[in-house]
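Peer 1: Can you keep this structure in mind? I'll have questions shortly.
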Amino acid sequence: MFNVIKFVERERGGCLIPLNNVNDRIKSILGISMSSVERLKREMREQERDMLEKQNELIQLQKKLDQEKQNKEDAAIRATLRLRNPRTRSSSTSSSSSVTATSNFTLTTFMPVAKSSRKRGHSGRPPIILTENQKENVRDTGVGRLRQSSGKGSRLVSSALMGNSGFHGSSIDIFETTEKNCMDSSHFLAWIDRTACLLRNEFGKYTKIVFVINNAPWHNRLTNDTMPPKRSWRKEYIIQWLNAHNINIPVKAAKTELLEIPMKNLPEKRYEIDEAAKKYNVDILRLPIKHCMLNPVELAWAGLKQFVRDHNVNFRLSDVQHLAQEWMLNLKTAAVTTYLNHIYDIEETFKKSDVFIEQLEEDLVDDDDDDELDSEVEETTD
């Protein structure tokens, strides 16, 4: 603890060790050797793997308990149906026969058995007949029928990396949120930093790592020094921004005039997640805007949602989380290959379309040149 206090006091005037040099900072803070730092990091990774294995065991146990509970409910339903519809003989015929054998003859007696009122696809209950007023009330108010959910309340948000062999287990992040508080740039930035660090430690220093993402708002948050001023800012804040970027400020300029100056001198855009990934030598590749069909993880999300729909029998948020994590951890390489091949086909279609459009544009330009040449020849002839 004393070493930590001394290290913080020494850095009061500025960073003595660069922030991206994590190992040296840990070594200086804790006052230990570099081998001890590596040992601590290995122990941390082992604890993370143990926690993930325990979490998977809990998921399997919860699934087993839910299945046992479902089996008990099914057995109770079958027992209730048998009590409601007792059958002394087989219901396949309207009568049954009992045969008694003696030494001289055979006696056959017929015992009538009533057919069950239950029909195929029907519960056996009497039909519900509504009056015209009741039907009108259902149509107007919706009372008395199963209505679709409004979508309000808690929900789950997930982030995960998918590679050629499936989802990366340590990158899976599923958390509960509300309708108004979904994914935000701060949470996603922390996830990028943590995941990039884990992958770099796992694959080594020289392995090329690239994250392919779309253009969601929380993916494109600019750094503070490249974020342009907003129109809602007060005049003194705009002046502070101009001073921070070493831009001359006109004397007695109005707010509208001050806002025009940054727009002509905007710095090059830099994104927070790009800077976070750059610390671990991880590249960020963004897909074109409104081209989600080029993102294979969208196909994976569709499969995940279908799996949850098919297996969600209790309609609890915790069950949905367990099902989602189970599906992602058990995604097969063959399914990922299918997703990627589908994306490759779409990419080839786009390439062929580009070639066709470029050829069409060249033909149109050639036609325009020919028309201009013909007109010049006609003018010369006249």
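Peer 1: Order 264-271, 339-346 from most to least packed using the mean count of other Cβ atoms within 10 Å. Write out the running numbers ahead of the final one.
Peer 2: Details: 264-271: 11.8, 339-346: 13.4.
Listed from highest to lowest mean packing, they are 339-346, 264-271.
Peer 1: Show me 58-70, 326-338, 186-198 ranked by packing, highest mean number of other Cβ atoms within 10 Å first.
Peer 2: On the way: 58-70: 12.3, 326-338: 15.1, 186-198: 18.2.
Per-residue mean Cβ counts within 10 Å order the peptides as 186-198, 326-338, 58-70.
Peer 1: Please compute the per residue accessible area over the stretch 20-74 with all protein chains in place, 1.4 Å probe, rounded to a whole number of Å².
Peer 2: Per-residue value: 77 Å².
Peer 1: Same structure again: Report ³J(HN,Hα) in whole Hz for each residue of the stretch 342-357, in order, from the Karplus equation J = 6.51 cos²θ - 1.76 cosθ + 1.60 where θ = phi - 60°; Gly and Pro get x.
Peer 2: Karplus values, whole Hz, x for Gly and Pro: 5, 5, 4, 5, 5, 4, 5, 4, 5, 5, 5, 5, 4, 4, 5, 5.
Peer 1: Expected output is a single nm value to one decimal: the length gained when fully extending between Ala302 and His168, i.e. 0.36 nm times separation in residues minus the C-alpha distance. What is it?
Peer 2: Full-extension gain reported as 46.4 nm.
Peer 1: Relative contact order for the stretch 181-286 using alpha-carbon pairs under 8 Å, separation at least 6, rounded to a whole percent?
Peer 2: Details: 90 pairs, mean separation 49.4, N = 106.
Relative contact order here is 47 percent.
Peer 1: Mind giving me the nanometre distance, one decimal, between the label points for Lys205 and Lys72, set 7 Å out from Cα along Cα→Cβ?
Peer 2: The modelled label-to-label distance comes out at 5.8 nm.
Peer 1: Under a point spin-label approximation (7 Å from Cα along Cα-to-Cβ), what is the Gln47-Ile5 distance to one decimal in nm?
Peer 2: 2.4 nm
Peer 1: Give me the percent of accessible area attributable to carbon and sulfur for the stretch 20-74, probe 1.4 angstrom.
Peer 2: In the stretch 20-74, the share of accessible area belonging to carbon and sulfur is 51 percent.
Peer 1: Also, quick follow-up: Over 15 Å apart: what share of the alpha carbon pairs of the stretch 20-74 falls there, rounded to a whole percent? Walk me through the numbers on the way to the answer.
Peer 2: Numbers: 971 of 1485 pairs.
Cα-Cα pairs of the stretch 20-74 separated by over 15 Å account for 65 percent.
Peer 1: Let me ask something additional. Could you check the simple spin-label distance between Ser36 and Ser232, using points 7 Å along Cα→Cβ, in nm with one decimal?
Peer 2: Here the modelled spin labels are 5.0 nm apart.
Peer 1: Another question, then. Would you mind working out the accessible area per residue for the stretch 187-339, using a 1.4 Å probe, and quoting it in Å²?
Peer 2: Working: 9550 Å² over 153 residues.
In whole numbers, the stretch 187-339 has 62 Å² accessible per residue.
The values are calculated or read from the model by the stated rules, or taken from the named source; none is laboratory data. These numbers were taken from a predicted model, which means no experiment stands behind them. Counting neighbours? That spans all protein chains shown, and the Cβs are built from the backbone with ideal geometry, glycine included. What goes into the accessible areas is simple: the full protein's heavy atoms, side chains included, and nothing from ligands, DNA or RNA. Shrake-Rupley method; radii C 1.70, N 1.55, O 1.52, S 1.80 Å.
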